[in-house]
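Participant: Pasting a structure here, questions to come.
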Amino acid sequence: MQVTQTLDEGLKREFKVVVPAADLDSRVNERLSTMKDRVNINGFRKGKVPLPHLKKLYGKAAMAEVLEQVVADANRQIVDENGFRLAMQPQVRVTAEGEDDEQAAVEGVMAGKHDLALTVKLEVLPKVELKELSELKVEKLTAEVTGAEVDEAVERIAKQNRGFSAKEEGAAAAEGDRVTIDFVGKIDGEPFEGGAAEDQPLELGSNTFIPGFESQLVGAKVGDEKVVTVKFPDEYGAPHLAGKEATFDVTVKGIEAPAELKIDDEFAKSLGLESLEALKAAARQQIETEYARVSRQKVKRQVLDALDAQYDFDLPPTLVEQEFENVWRQVSTDLVSSKRTFEDEGTTEAEAEADYRKIAERRVRLGLVLAELGDKHDVKVTEDEVRDALIARARQFPGQEQRVWDYYRQNQEAIAELRAPIFEEKVVDAILAGATIEERSVSKEELLAADEDGDKAAASE
């Protein structure tokens, strides 16, 4: 096997591999010889089948196996001798002298007419020289959960769980009541898609419908037919409705008043807790967990931003393109599902593509840096951690847990997608272990605030 490098450009490598036809024929004969004692052919005793007859019967199959093995051997030799770390699987093309068409070249090699010539194209991973992180400083924002926040959370829980009962006949709907309505929405007198419903419950004052809709039903009675006029917000999710005036033909079919809101031990017990204090403790813990999640996300963003600013190296074009395609596919899907355009987002397709390509480059760059740091700190993801992540993912699809479990267990790429964020979090922990972390107590509003730059950074994680 003769291996010659023909390209060394950036992270791209290309090699030409030549295996003489006589060598291939010899390998085929060796393979066929091992078959003598294993095949039964009418007219011949086992182990006594002449090689030419075996070649006539099984020559093509044996040659195909030889070619597959030669390609694997060539790839392995190229990688091992050069110490390459591959960014992608090698691209192999069969060529032959005098044959431009790859299929014709393969057929010629199979028939023993030509030497086997392979063109092997590779993309290798860049060598990442890790930089010192001891001077990394991170600000960790913390916010105290106040008693008022806990009380508000408990009140929300109570409102979400309180009952309703029908009001007396002839009673008018008031703020806080729940009405049951049929409605048909129209623009310029014509019904529009998604603008109609029957037996729709609506709590007046909940602000779940278009602004101005609920207030126009205050005072309505069962059996009333009203025309509600509203204007869709300029930033409404459906572009074909945004900023337009619409009318709704509404029929009121039922009015219910909310039950008295009692927040006490009995209410807590109805939720499966021992007491009101236990409910408040659970609410506090939930808020603290959310604050900790947001704080952690902001710390992680600082770490990734610092790494992104520290490193600048060539990126494997194929990895970047694959990542960009994943990002762009999601962006396009989101636009279609929301019936929006790039113009609605205040940009153009070309500008958006340039921005998201930068995001793809950032993701690939950070992925390579984190992988190196993970090796340095001997970060491992255990099977138990992957299993726990799989269980959590399956629970997101009630009733389909077994299907989700089977899908991941049968799909190693999907398992890798579960493993990747666990690995990333553990690497970030390893980085933070050597960083200087300064805590700063802030208000709830400041902790939860997401500035524009932060949103873009989050999108690239």
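The values are calculated or read from the model by the stated rules, or taken from the named source; none is laboratory data. Because the structure is a prediction, the values reported are computed rather than measured. Note that each Cβ is placed from the backbone with ideal geometry, even for glycine, and that neighbours are counted across all protein chains shown. Accessible surface areas use protein heavy atoms only, side chains included; no ligands, DNA or RNA. Shrake-Rupley method; radii C 1.70, N 1.55, O 1.52, S 1.80 Å.
Participant: For segment 305-386, what is the Kirkwood estimate of the hydrodynamic radius, computed as the reciprocal of the mean inverse distance between distinct Cα atoms, to one decimal in Å?
Facilitator: On the way: mean 1/r = 0.0672 Å⁻¹.
Evaluated over segment 305-386, this radius sits at 14.9 Å.
Participant: How large is the accessible surface per residue of segment 299-385, computed with a 1.4 Å probe and reported in Å² as a whole number?
Facilitator: Values: 4840 Å² over 87 residues.
Per residue, segment 299-385 has an accessible area of 56 Å².
Participant: Can I ask one more? Output the direction-averaged projected area (hull surface divided by four) of the convex hull of the alpha-carbon atoms of segment 173-303, in nm².
Facilitator: Numbers: hull surface 47.9 nm².
Value for segment 173-303: 12.0 nm².
Participant: Ok, one more. What's the carbon and sulfur percent of segment 362-428's accessible surface, probe 1.4 angstrom, rounded to a whole number? Let's see the in-between values first.
Facilitator: Working: 2000 of 4200 Å².
Carbon and sulfur atoms account for 48 percent of the accessible area of segment 362-428.
Participant: Oh, and also: Beyond 32 Å between alpha-carbons counts as too far, so tell me which of Lys186/Lys221; Lys121/Lys358; Lys244/Lys298; Lys226/Lys269; Lys167/Lys339; Lys262/Lys339 fall in that bin. All intermediate terms of the calculation are to be shown ahead of the outcome.
Facilitator: Details: Lys186/Lys221 23 Å; Lys121/Lys358 26 Å; Lys244/Lys298 38 Å; Lys226/Lys269 42 Å; Lys167/Lys339 40 Å; Lys262/Lys339 43 Å.
Distance filter (> 32 Å) returns Lys244/Lys298; Lys226/Lys269; Lys167/Lys339; Lys262/Lys339.
Participant: Describe numerically, in nm with one decimal, the distance between label points set 7 Å from Cα along Cα→Cβ at Glu345 and at Gln402.
Facilitator: 4.1
Participant: Here's something else I'd like to know. Can you give the direction-averaged projected area of the convex hull of the alpha-carbon atoms in segment 136-179, in nm²? Could you put the intermediate results ahead of the total?
Facilitator: Working: hull surface 22.8 nm².
The Cα convex hull of segment 136-179, projected and averaged over all directions, gives 5.7 nm².
Participant: Subtracting the Cα-Cα distance from 0.36 nm times the residue separation, let me have the gained length for Ala238 to Asp355 in nm, one decimal.
Facilitator: Details: separation 117, 0.36 × 117 = 42.12 nm, distance 2.40 nm.
Length gained between Ala238 and Asp355: 39.7 nm.
Participant: Placing +1 on the Cβ of each Lys and Arg and -1 on the Cβ of each Asp and Glu in the chain, which of Gly254, Ser270, Ile359 has its Cα farthest towards the positive end of the resulting dipole?
Facilitator: It is Ile359.
Participant: Ok, one more. If you keep only loop residues by DSSP, which chymotrypsin sites (Phe, Trp or Tyr not before Pro) in segment 160-254 have at most 11 other Cβ atoms within 10 Å of their Cβ? Could the numbers behind the result be given before it?
Facilitator: Numbers: sites: Phe164, Phe183, Phe192, Phe209, Phe213, Tyr236, Phe248; in loops: Phe209, Phe213, Tyr236.
Hits after loop and neighbour filter: nothing returned.
Participant: Shifting gears a bit: Return the label of the correct value of P(r) over Cα pairs in 20 Å bins from 0, in percent, as calculated from the structure shown, out of (1) 25, 59, 15, 0; (2) 20, 39, 26, 11, 3, 0; (3) 15, 34, 30, 16, 5, 0.
Facilitator: From the options (1) 25, 59, 15, 0; (2) 20, 39, 26, 11, 3, 0; (3) 15, 34, 30, 16, 5, 0, the structure gives (3).
Participant: Moving on. Classify segment 344-408 as rounded, prolate or oblate from the Cα gyration tensor: take a ≥ b ≥ c as the square roots of its eigenvalues, call it rounded if a/c is under 1.5, otherwise prolate when a/b beats b/c and oblate if not. Don't skip to the end; give the middle numbers.
Facilitator: On the way: a/c = 4.41, a/b = 1.32, b/c = 3.34.
Since a/c reaches 1.5 but b/c is at least a/b, the shape of segment 344-408 is classed as oblate.
Participant: Next up: For segment 173-249, which whole percent of the accessible surface, found with a 1.4 angstrom probe, sits on carbon and sulfur atoms?
Facilitator: Details: 1940 of 4250 Å².
The C+S portion of the solvent-accessible surface of segment 173-249 is 46 percent.
Participant: Sticking with this structure for a sec: Less than 17 Å apart at the alpha-carbon level, and either on another chain or at least 8 residues along: which aspartates and glutamates does that give for Lys159?
Facilitator: Those aspartates and glutamates meeting the cut-off are Glu149, Asp151, Glu175, Asp177, Glu203, Glu256, Glu260, Asp264, Asp265, Glu266.
Participant: Tell me, what is the per residue accessible area of segment 61-202 in Å², probe radius 1.4 Å?
Facilitator: Values: 8330 Å² over 142 residues.
Accessible area per residue: 59 Å².
Participant: Relative contact order of the chain, please, whole-number percent, based on alpha carbon pairs below 8 angstrom and at least 6 residues apart. Don't skip to the end; give the middle numbers.
Facilitator: Working: 608 pairs, mean separation 75.7, N = 461.
In percent, rounded to a whole number, it is 16.
Participant: Just how much of Thr146 is accessible, in Å², when a 1.4 Å probe is used and the result is rounded to the nearest 10?
Facilitator: Using a 1.4 Å probe on the heavy atoms, I get roughly 60 Å².
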